[in-house]
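Here is the structure we will look at.
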Amino acid sequence: MELSISNLKSLSNHFSRRQESIVAFARALVETESPSGDDAGSKAVVGLLAAAAQTIDGVEVELLATNNYGQHLRVTAVGDAPHAAPIMILGHTDTVHPRGSLAQRPWRVEANRAYGPGVFDMKANCALAVEVLSACVAHRFHHQHPIVLLLTCDEETGSASGRALVETEARQSHAVLVLEPPASGGRVKTGRKGTGMFTIEARGIAAHAGLDPEKGASAILELARQTEHLHTLNGWSDGISVNVGVFNGGTLSNVVASEARAEVDVRFSNAAEAARVEHEIMNLRAFDERVGLTVKGGINRPPLERTEKVLKLYEQARAIARALDFELEETQVGGASDGNFAAAVGAAVLDGLGIAGDGAHATHEHIILDDIPRRGALIAALIASL
Ligand SMILES: [Zn+2]
């Protein structure tokens with residue numbers, strides 16, 4: 001559907017009128033703490049969102065139970081073409097902030113900013129998503145494609161339970177709009193690195209460090225050499241980053257260490273890099289053949305690659321933003337989201353469409369209130385245009 005400038009302006013005015021209620025709803029969500037894995041917190045926050053979604057005409061609201069993570073929420077607006085590929089709005093209801101964070105940093109509004117644990121990543125965006133869905137149904141933007149709003153509850157801990165759900169929905173989607181926080185300046189994310197996590201254990205031979213050191217084989221020395229080797233993988237390409245972030249081993253200073261352990265974080269920009277770096281790490285060979293190495297782990301999230309599909313969606317969003325009088329810029333980032341899983345199954349994904357702000361996972365986390373109307377209008381108009 002083509003949107004005229006006057007339609008866009010009226011959408012923007014609609015979200016301006018709704019701004020106060022969106023902020024009030026965001027506050028209620030922030031004040032219901034829901035760190036990942038907090039079953040009661042998850043159910044409470046999903047309960048608020050489900051109740052809000054129930055007020056939208058003709059939608060189906062489903063609470064999807066998990067083992068110990070609380071609930072995922074799926075809201076479907078079917079419209080006039082029930083068999084067309086749906087447009088998915090994707091996000092999550094869990095946060096990284098433990099219970100008690102709210103007491104230390106209560107909700108506050110100051111100089112066009114709203115602060116609170118999880119407000120930017122991404123409770124205000126959950127509130128906005130329900131408003132966008134509501135506006136889309138009211139304007140019949142779902143007449144060509146059904147709209148599915150999926151909010152998972154374990155994104156911050158790697159989506160052990162949400163992943164399959166995201167992939168299943170994404171596979172059949174016409175497009176996936178991820179309402180994760182944008183980068184600085186409100187930039188959307190057209191690329192996200194994939195992530196991998198590995199643990200390396202070395203088993204050497206203990207010996208007295210003074211009496212007969214030659215009989216020992218140091219697990220610490222072996223892992224130190226491996227650490228140096230692993231960091232050289234950073235030079236393979238710009239897309240690859242490897243970091244040994246945890247290292248421990250040994251017992252006493254006068255014993256040649258028989259045990260050592262390292263944890264490795266790996267990032268990559270495309271599937272070929274992922275395969276190459278994973279193969280290298282899984283097949284590490286000991287420098288000292290008397291030391292045994294065990295490598296566990298692997299790739300967790302595949303990369304969100306900046307494909308033609310992603311770019312096309314971005315260009316479409318950028319054109320709408322221009323008509324709304326703002327410049328929507330793009331960037332590629334190292335951090336992953338559920339958008340990675342959606343992109344990896346072949347969906348057209350645009351990530352970082354949420355409200356501008358700063359401080360995800362940090363104590364100064366906030367959103368910029370002025371950005372709400374134009375974000376809402378942008379997302380709703382993008383849905384209408386797809
Ligand atoms: Zn997030």
Original post:
If Leu102 passes every condition in (1) crowded, with 23+ Cβ neighbours inside 10 Å; (2) closer than 30 Å to Asp370 by Cβ but one, which one does it miss?
Top reply: (1)
Original post:
When you look at Gly216, is it away from the ligand (no atom under 16 Å from the Cβ), closer than 26 Å to Asn243 by Cβ, more than 13 Å from the chain's Cα centre (by Cα) and surrounded by 19 or more Cβ atoms within 10 Å (Cβ to Cβ), yes or no?
Top reply: no
Original post:
Taking into account only those residues within segment 326-344 that are assigned to a loop (DSSP other than H, G, I, E, B) and buried (at least 19 other Cβ atoms within 10 Å of the Cβ), which is modelled with the highest pLDDT?
Top reply: Leu328
Subject >> So Ala323, is it surrounded by 24 or more Cβ atoms within 10 Å (Cβ to Cβ), in the same structural domain as Ala24 (by TED's automatic domain parsing) and not β-branched (Val, Ile, Thr) >> reply: no
Original post:
When segment 345-385 is examined, which residues are found to be away from the ligand (no atom under 14 Å from the Cβ), surrounded by fewer than 19 Cβ atoms within 10 Å (Cβ to Cβ) and over 20 Å from Ala77 (Cβ atoms)?
Top reply: Val345, Gly346, Thr363, His364, Ile368, Asp370
Original post:
Which of (1) away from the ligand (no atom under 15 Å from the Cβ); (2) buried (at least 23 other Cβ atoms within 10 Å of the Cβ) is the odd one out, the single condition Ile56 does not satisfy?
Top reply: (2)
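Does segment 80-95 contain at least one residue that is surrounded by fewer than 20 Cβ atoms within 10 Å (Cβ to Cβ) and in contact with a helix residue (DSSP H, G or I) (Cβ under 8 Å, 6 or more places away or on another chain)?
no
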Subject >> Pick from segment 345-373, criterion in contact with a strand residue (DSSP E or B) (Cβ under 9 Å, 6 or more places away or on another chain) and of a type in the set (D, E, K, R), ranking: farthest from Val176 (Cα to Cα) >> reply: Glu365
Original post:
Is there a residue being away from the ligand (no atom under 13 Å from the Cβ), in contact with a Gly (Cβ under 7 Å, 6 or more places away or on another chain) and among the aromatic types (Phe, Trp, Tyr) anywhere in segment 134-141?
Top reply: no
**OP:** Check off (1) in contact with a Leu (Cβ under 8 Å, 6 or more places away or on another chain); (2) within 12 Å of the ligand (Cβ to nearest atom) for Pro117 and give me the number that stays unchecked.
**Re:** (2)
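The values are calculated or read from the model by the stated rules, or taken from the named source; none is laboratory data. These numbers were taken from a predicted model, which means no experiment stands behind them. Quick reminder, even Gly has a Cβ in these numbers, built from the backbone with ideal geometry, and neighbours come from all protein chains shown.
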